[in-house]
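A short write-up of the structure that comes next.
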Amino acid sequence: MLVMRHISKVFRTDLIETHALRDFSLEVAEGDFVAVTGPSGSGKTTFLNVAGLLEGFDTGSYSLDGVDTSGLSDDARSRLRNEKIGFIFQSFNLIPDLDIFDNVDVPLRYRRMKTAERRERITSALDLVGLASRAHHLPSQLSGGQQQRVAIARAIAGDPKFLLADEPTGNLDSLMARQVMDLLEQINEMGTTIVLVTHDPELARRAQRNVQIIDGQVSDYRPYESHVRPVREAAPQAAGATT
Amino acid sequence: MISHDIRPILSALLRNRTGAVLVALQVAIALAVLVNAVYVVKQRVDKIGRPTGVDVENIFVAISAGFATDYNHAATTRADLAWLRRLPGVRAATLSSNIPLSGGGSATTLFQTPEVKGEGTFMNYFDVDESGVDALGVRLVAGRNFRADEILPEDPTGSKPVPNIIVTKPLAKALFGTEDAVGKVTYDALGHPVSVIGVIEHMQGSWVDSDKLDHVGLLPRRAVGPNATYLVRAVPGQRDAILKLAEEHLSTSDLRRVLRIVRPLDYYRDRSYQADRNIAIFLVTVTALLGCVTALGIFALATFNVNVRTRQIGTRRAVGARKADIVRYFMVENWLVTTAGVVLGAALALGVGYALSRAYELPRLDLYYLIGGVLVLWAIGQVAAWQPSKRAAKVSPSVATRTV
Ligand SMILES: Nc1ncnc2c1ncn2[C@@H]1O[C@H](COP(=O)(O)OP(=O)(O)O)[C@@H](O)[C@H]1O
Ligand SMILES: [Mg+2]
């Protein structure tokens, strides 16, 4: 369970303050497959970064899998990222100097896992994405779609509860995009909670749940029935309605 | 734990090796130069620091030159010595034919028989009077000192017999082996017998670069005029004050001569070691510079590696690396580069050391220097890589999503 309540995040530069998230609330239930859409600059990446503990936030609360994340040390956040979260990036972010096997190995090494177990997990993750035969290729020897599948293998090798993907198909053609989407669905069916940011409505439609972020807020936020609390309901045209 | 991380770091490094190879070469050269330079410097420092056997710090030298036609060398030097010896704070003063450790001196050859055949034995000698032993501060370990009545008059030709002599232990050993030298007779170059009446423990003679620097003899003879060289030994702490008094007195006491030079003896010793000192300073400077340049090279490589890998660092952070893991990554990577350099450098240092020892007949390079050099370069490498590594750890994990 991923629970964000009244989160705000402001980017301050010399000239301007950008309210990337404002009074942002959202819950994602275990096993969910949530597609997040919204206009460019609306705060989707910021949301995902906060959710993935890549960035902090200014006010509000965020608990991940029952752990209140505010006040965690940098090391504790690294550890949570490593154990509970798999990240998939728009531009794959494979390490160019490491072969596929070693790329998938990266998060496992940070978990100080035994060699035999790492080997087993890497092999089965690569099997799942259909790239076991490419284990000793370099990323540059693979197509974009294949690279993204390696990135997915890297994200799931550690068996995280949450998979966060920021426009994972943004750099892929539609065929490759569909393959990546198939893979994500398959992973979701195996029990992993997925939050997918995409601007592709067709892909979004395949998710169980759609969330739209506009101007730093979930435009149609409604707390889950199971969390009956006096939560303020954001107006759909929320832009500027709250500070 | 580190070995756990090495393999992927190494394989990434090997896929990007140009900079690493250059820096490793730099480390190798630095090590080779460092080790050999330190070795040479150590030898020079040891050479400069050898015990002289002479009380160098408390002795000064005064040289007077008689020029007037009515200058009376014997009378003037007697008066000078009498004055000097009366001066409170003066331990002893002697006339001497030469200044020890100055690079100028006299030498002759002694023989085993009056026929003066064979190679003979080298002797660097000083004409001194009965105060010579005390004025030099050398230590008599056998036999006796000269008596005043044994001091021979000046001998401008240098051909008259000198029946008694005091020698250093090394010279005694060269002349007579391990037997007790006192009372033994040797022969000067003209075949006159010379008896050893005393042995001094140790004294360095005239030429610091000579391998027979300590083959020294003291002859009981008044040094030839009209130049007079006085060696004056003060009680500790008084040398400079007495030097000043002596300078004032000797320059005015007899106007038939001029006082040419008044200098502490350590001036001459330091001048003799000037070249050794310069080489040592030069090598230390070059080595320090090379060390700095090497550190800079390592720093530049690490900085470059951090800069081109910002996104990779962000990604590593995003998938769970702690800051310490990032620091360790770059420190280990740098250590691998330095180690490659150090291994190559050790081979180079041994090679250079061997060549040097052949060419200059230096003893072979001591392995401890190599080990020390390796440790120093490892340290330089880790220090130089520290700041870039810390900077790498500051890269935010959000770089992974924010950079396209
Ligand atoms: N590091 C940053 N510094 C300043 N402004 C930022 C930073 N990151 C994002 N922003 C701003 O925050 C807003 C939301 O950005 P983002 O979450 O990336 O939007 P999206 O992913 O929906 O396109 C944008 O206005 C963006 O310019
Ligand atoms: Mg975005």
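Computed quantities for the displayed model
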{"quantity": "In the stretch B:168-272, the trypsin sites (Lys or Arg not before Pro) that fall in loop regions by DSSP, at most 16 other Cβ within 10 Å", "calculated": "B:K184, B:K212, B:R256"}
{"quantity": "A:E189, A:E17, B:E119, reordered so the largest accessible area comes first (probe 1.4 Å)", "calculated": "B:E119, A:E189, A:E17"}
{"quantity": "Mean ellipticity per residue at 222 nm, deg cm²/dmol - from DSSP H runs of n ≥ 4 across the protein assembly as shown, formula -39500 (n - 2.57)", "calculated": "-14500 deg cm²/dmol"}
{"quantity": "Projected area, mean over directions - the stretch B:68-255, Cα convex hull, nm²", "calculated": "11.2"}
{"quantity": "Amide H within-cut-off set for B:D127, under 5 Å, with H built and near neighbours excluded", "calculated": "B:S97, B:N98, B:L219"}
{"quantity": "Globularity ratio of the stretch A:45-157, using Cα Rg and 2.2 N^0.38 Å", "calculated": "1.15"}
{"quantity": "Net charge, B:D270 excluded, C-beta distance under 11 Å - Lys, Arg +1, Asp, Glu -1", "calculated": "+2"}
{"quantity": "Average projected area [Cα convex hull, chain B], square nanometres", "calculated": "28.6"}
{"quantity": "Of all DSSP beta bridges in the protein assembly as shown, antiparallel share, percent nearest 5", "calculated": "65"}
{"quantity": "Heavy-atom SASA rank of B:E154, A:E167 (probe 1.4 Å, accessible area, largest first)", "calculated": "B:E154, A:E167"}
{"quantity": "Residue-level accessible surface for B:W335, protein heavy atoms, 1.4 Å, Å²", "calculated": "90"}
{"quantity": "Inter-centroid distance (Cα atoms) of the stretch B:1-62 relative to the stretch A:27-72, Å", "calculated": "54"}
{"quantity": "Accessible surface buried once A binds B (1.4 Å probe; total of both sides; Å²)", "calculated": "2800"}
{"quantity": "Tail fraction, Cα-Cα pairs, the stretch B:290-404, threshold 26 Å, whole percent", "calculated": "36"}
{"quantity": "A:H199 accessible area, assembled protein chains, probe 1.4 Å, Å²", "calculated": "120"}
{"quantity": "Folded to 0 to 90 degrees: helix A:74-84 orientation relative to chain A principal axis, Cα", "calculated": "70"}
{"quantity": "Interface residues, the stretch A:27-56 - accessible area loss of 20 Å² or more versus chain alone, probe 1.4 Å", "calculated": "A:T45, A:N49, A:L54, A:E55"}
{"quantity": "Cα lying deepest toward the dipole's positive end in the protein assembly as shown, options B:L283, A:G191, B:A12, charges on Cβ", "calculated": "A:G191"}
{"quantity": "Measure of compaction for the protein assembly as shown (Cα Rg per 2.2 N^0.38 Å)", "calculated": "1.70"}
{"quantity": "A:F33, B:F67, reordered so the largest accessible area comes first (probe 1.4 Å)", "calculated": "B:F67, A:F33"}
{"quantity": "Kirkwood-based Rg to Rh ratio, chain A, C-alpha trace", "calculated": "0.98"}
{"quantity": "Whole-percent carbon and sulfur share, accessible surface of the protein assembly as shown, 1.4 Å", "calculated": "57"}
{"quantity": "Amide H partners (placed H, <5 Å) of B:A92, local residues excluded", "calculated": "B:R233"}
{"quantity": "Gap separating the Cα centres of the stretch B:239-262 and the stretch B:203-220, nearest whole Å", "calculated": "28"}
{"quantity": "Top positive-direction residue, dipole computed over the protein assembly as shown with Cβ charges, set B:T178, B:L34, B:T109", "calculated": "B:L34"}
{"quantity": "Tilt relative to chain A, helix A:174-189 - C-alpha long axis, 0 to 90 degrees, to 10", "calculated": "80"}
{"quantity": "For the protein assembly as shown: accessible area per residue (Å², 1.4 Å)", "calculated": "45"}
{"quantity": "Amide hydrogen neighbours beyond the local backbone of B:G143, cut-off 5 Å, H modeled", "calculated": "B:V199"}
{"quantity": "HN-Hα J in Hz across the stretch B:156-164 - Karplus 6.51, -1.76, 1.60, θ = phi - 60°, x for Gly and Pro", "calculated": "x, 7, x, 10, 7, x, 10, x, 10"}
{"quantity": "Karplus-derived 3J(HN,Hα), 6.51/-1.76/1.60, for each residue of the stretch A:205-218, Hz, glycine and proline x", "calculated": "4, 6, 6, 6, 9, 10, 10, 10, 9, 10, 6, x, 9, 6"}
{"quantity": "Whole-Hz ³J(HN,Hα) from phi, Karplus 6.51 cos²θ - 1.76 cosθ + 1.60, for the stretch B:316-325, glycine and proline x", "calculated": "4, 4, 5, 8, x, 5, 7, 4, 4, 5"}
{"quantity": "B:H73 accessible area, assembled protein chains, probe 1.4 Å, Å²", "calculated": "20"}
{"quantity": "Extension gain from B:R50 to B:R85, taking 0.36 nm per residue of separation minus the Cα-Cα distance", "calculated": "9.6 nm"}
{"quantity": "Average other protein chain Cβ within 10 Å of Cβ, residues B:7-13", "calculated": "4"}
{"quantity": "Ordering of A:115-122, B:316-323 by packing [mean C-beta count within 10 Å, highest first]", "calculated": "B:316-323, A:115-122"}
{"quantity": "Label point at A:D173 placed 7 Å out along Cα→Cβ; residues across the stretch A:121-156 whose backbone nitrogen lies under 14 Å", "calculated": "A:143-146"}
{"quantity": "Shielding by partners - mean other protein chain Cβ count within 10 Å, residues of B:320-331", "calculated": "4"}
{"quantity": "Angle between chain B longest axis and helix B:239-252 axis [Cα atoms, degrees, rounded to 10]", "calculated": "40"}
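The values are calculated or read from the model by the stated rules, or taken from the named source; none is laboratory data. Quick caveat: nothing in here was measured; it's all calculated off a predicted structure. Using ideal geometry, Cβ is built from the backbone for each residue, glycine included, and neighbour counts are taken over all protein chains shown. Surface accessibility is based on the protein's heavy atoms, side chains included, excluding ligands, DNA and RNA. Shrake-Rupley method; radii C 1.70, N 1.55, O 1.52, S 1.80 Å.
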